[in-house]
Amino acid sequence: MKKFTKRCLKGCGLVGLVFSTGLVALSDNIDSALTVGAETTTASAFENNGTGQHLNWHIDIPQEYAVELGEPITISELMSQITVTRKGSNGTVVDGQTFDFISNGDGSRGIDTPGVKIWFDFYNAAGTSFLTDEMLASPTYAVPGGSYTIKAWVFYGKNDTKKLFTFKLKNSNSNKTELRKSIETAQSKLNQPEGTYSEESLQGLQSAVTIGETYLNSDPDQVTVDQSVATINSAVSGLVDLTALNEAINQATPLLTDGKEYPKEAYDGLVQKLAAAAKLQNSFNPSQEEVNKAATDLTQALTTLKTAVAHEALDQALAKLLELYRENPNLALTSESLKELYNKAIEAAGTFYKTVSEDKKREGISLYELERYTIETNSVVDTILKVKAAIAEEGKAKLRSALDQLNALIGENLDLSPYTAASAQAYTDQLAKAKEVAAAGETAYAQETEPTAITNSLVKVLNAKKSLSDAKAALVAKPVDPVDPVDPVDPVDPVDPVKPSDPEVKPEPKPESKPEAKKEDKKAADKQQVLPATADTANPFFTAAALAVIACAGQLAIVSRRKESN
């Protein structure tokens with residue numbers, strides 16, 4: 001903001017000046033401080049009581065404007081301190097009828113009042129040069145302590161109704177532009193968060209700013225102002241900036257309590273530098289050089305620790321990569337497309353491992369490079385693990401199918417009674433092994449993620465399935481005994497002898513006289529008598545034997561059909 005004294009009389013503190021046509025004191029160096037009515041047109045429009053004011057309008061212009069060097073006054077600023085007041089019929093001003101440039105200005109050099117526009121033209125002391133903002137900003141009006149008479153023609157709505165007023169511009173003794181800038185910069189430093197600068201250096205700056213602000217509110221000479229600027233700027237430069245030290249301490253402190261394991265030598269070095277930095281942070285009036293060194297030492301210790309940690313992280317990542325490279329999983333039952341993908345990934349991993357393992361030993365390798373290598377190594381590891389996961393997923397699908405087939409065979413629950421003991425025992429042994437393999441396979445399917453373990457389990461399941469199928473196909477039916485089809489063992493079966501029924505004894509009737517039959521007919525008759533009737537319940541052997549044969553035949557047929565289907 002442009003600063004100048006509003007409506008003040010130099011040395012007397014009067015608020016304003018009512019110009020009159022009377023005699024006023026002469027100025028020290030140029031013209032009279034006030035000349036009114038020197039050139040007046042239409043004299044009847046103005047008072048003859050010594051004021052020289054218009055009959056209807058009172059003009060109030062400050063006798064002197066105070067101008068700060070470096071901040072030239074403008075026409076608008078001259079106008080902003082001028083007021084126009086309507087007068088009543090008795091010649092006194094009317095309350096509430098005052099108009100000014102700020103509220104009623106036309107944006108140029110006029111003030112709008114009810115019924116009439118009043119405008120102003122400003123000239124130099126000689127009245128020969130029409131003043132503009134550019135002229136007022138020229139060196140002519142920028143002499144330290146200079147005083148300049150300004151003439152103002154006031155026009156009351158018409159070009160031929162006008163009156164001349166005069167006033168002065170008084171420059172300050174010094175240009176305070178740089179002082180204001182220095183104080184503004186200093187205040188920004190003083191407003192920084194606590195701990196940004198050392199307390200002692202802040203106190204020195206605050207003292208310099210306080211003195212500079214007193215000069216802003218007074219009118220010292222240029223030398224005094226320049227010295228104040230230099231003092232403030234020096235105090236700003238002398239601020240001990242703790243920002244870097246604070247940041248290093250804030251980064252290092254959490255490492256002492258995070259519970260992680262760090263390389264001992266690097267960790268011990270960090271603890272030592274952190275203690276020194278914290279001590280300096282709380283010391284009295286440390287120098288910037290001391291602060292900078294402590295911050296640099298602590299930052300370097302942090303970098304050393306981070307570098308050691310980065311080396312360890314990279315070594316761990318490379319070790320995992322090498323483990324995968326050397327793994328050589330069992331891919332015997334893996335699809336060719338996944339085999340090819342895995343082999344390519346492993347080949348690329350080998351090349352990458354060799355390159356990084358050599359370069360990480362390079363002297364001066366940066367923390368950034370180590371961290372970048374670790375990221376890339378983990379990415380290669382992740383790629384291989386994804387390929388392995390795809391292989392494992394494929395293997396599990398095959399394992400599930402094989403387990404389902406094996407479990408189906410196990411669940412048949414064959415009746416082994418029709419088969420020889422040797423073949424039945426062989427089948428029973430394979431069945432027991434198949435159940436063990438199936439149980440282990442189910443566990444592998446539920447828990448295993450490694451391709452080798454899954455493939456090995458799949459191989460066992462497939463082998464168990466084949467062995468059980470072979471044992472089933474190798475079952476040998478027992479030989480059928482033509483005499484005793486129920487128990488087809490020895491021709492004479494001591495285990496299941498046939499006990500004849502005691503026939504009912506009845507009186508023997510007298511034989512009738514019949515012609516003697518032929519010998520052949522008698523034999524046929526005897527043979528016919530020993531054949532049992534199909535409905536004879538006294539001999540149950542035939543029904544049980546028939547059912548056993550039918551069942552055996554049906555079982556064999558089922559086995560035969562299953563074998564063919566297998």
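When 1/r is averaged over all different Cα pairs and the result inverted, which Kirkwood radius in Å belongs to region 151-292? Intermediate values should be presented prior to the final figure.
Values: mean 1/r = 0.0510 Å⁻¹.
Hydrodynamic radius (Kirkwood, Cα pairs) of region 151-292 is 19.6 Å.
What list of ³J(HN,Hα) couplings, whole Hz, do you get for region 461-469 from phi and the Karplus terms 6.51, -1.76, 1.60, once you set θ to phi - 60° and write x for glycine and proline?
Running phi through 6.51 cos²θ - 1.76 cosθ + 1.60 with θ = phi - 60° gives 5, 5, 5, 5, 4, 5, 4, 5, 5 Hz.
Residue-wise, which Karplus ³J(HN,Hα) couplings in Hz belong to region 227-233, taking 6.51 cos²θ - 1.76 cosθ + 1.60, θ = phi - 60°, and x for glycine or proline?
Using θ = phi - 60°, the values come out as 5, 5, 4, 4, 5, 5, 4 Hz.
Starting from the coordinates of the alpha-carbon atoms of region 43-174, obtain the Kirkwood hydrodynamic radius over all distinct pairs and give the value in Å to one decimal.
It is 15.6 Å.
For the pairs Lys344/Lys396; Lys264/Lys360; Lys260/Lys354; Lys293/Lys361; Lys344/Lys386; Lys354/Lys386, note any where the Cα-Cα span goes beyond 25 Å.
Those over the limit are Lys260/Lys354; Lys293/Lys361.
Which translational diffusion coefficient, to the nearest whole µm²/s, is obtained for region 262-379 from the Stokes-Einstein equation, given a Kirkwood hydrodynamic radius over C-alpha pairs, 37 °C and 0.692 mPa s?
189 µm²/s
For a quick check: with amide H placed at 1.01 Å from N, whose amide H comes under 5 Å from Tyr419's, ignoring anything fewer than 5 positions away on the same chain?
Counting only residues 5 or more places away or on other chains, the set is Lys478.
Only counting other Cβ atoms within 10 Å, I'd like Met135, Met79 sorted with the fewest neighbours first.
Going from sparsest to densest Cβ surroundings: Met135, Met79.
Starting at the first residue of region 420-425, write each ³J(HN,Hα) from the Karplus equation 6.51 cos²θ - 1.76 cosθ + 1.60 with θ = phi - 60°, in whole Hz, x for Gly and Pro.
So the J values, rounded to whole Hz, are 5, 4, 5, 5, 5, 5.
What residues have an amide H closer than 5 Å to that of Phe46, excluding those fewer than 5 places away on the same chain, when H is modeled at 1.01 Å from N in the peptide plane?
The list, which skips near neighbours in sequence, is Leu55.
When only alpha-carbon atoms count, how far does region 178-237 stretch along each of its three principal axes, as whole angstroms with the largest first?
The principal-axis extents, from largest down, are 37, 15, 15 Å.
Would you calculate the convex hull of the Cα atoms in region 328-478 and tell me its volume per residue in Å³?
Once divided by residue count, the hull of region 328-478 is 111 Å³.
In terms of modelled amide H atoms, which long-range or inter-chain residues lie less than 5 Å from the amide H of Phe165?
Under 5 Å from the amide H of Phe165 lie the amide H atoms of Ala152, Trp153, Val154, each far enough along the sequence or on another chain.
Please report Rg (one decimal) and Dmax (integer) in Å for the Cα set of region 243-310.
11.9, 38
Every read-out reported here was derived from the displayed coordinates using simple, explicitly stated rules and does not represent laboratory data. All of these numbers come straight from a predicted model, not from anything done at the bench. For neighbour counting, all protein chains shown are included, and Cβ atoms are generated from backbone atoms with ideal geometry for every residue, glycine included.
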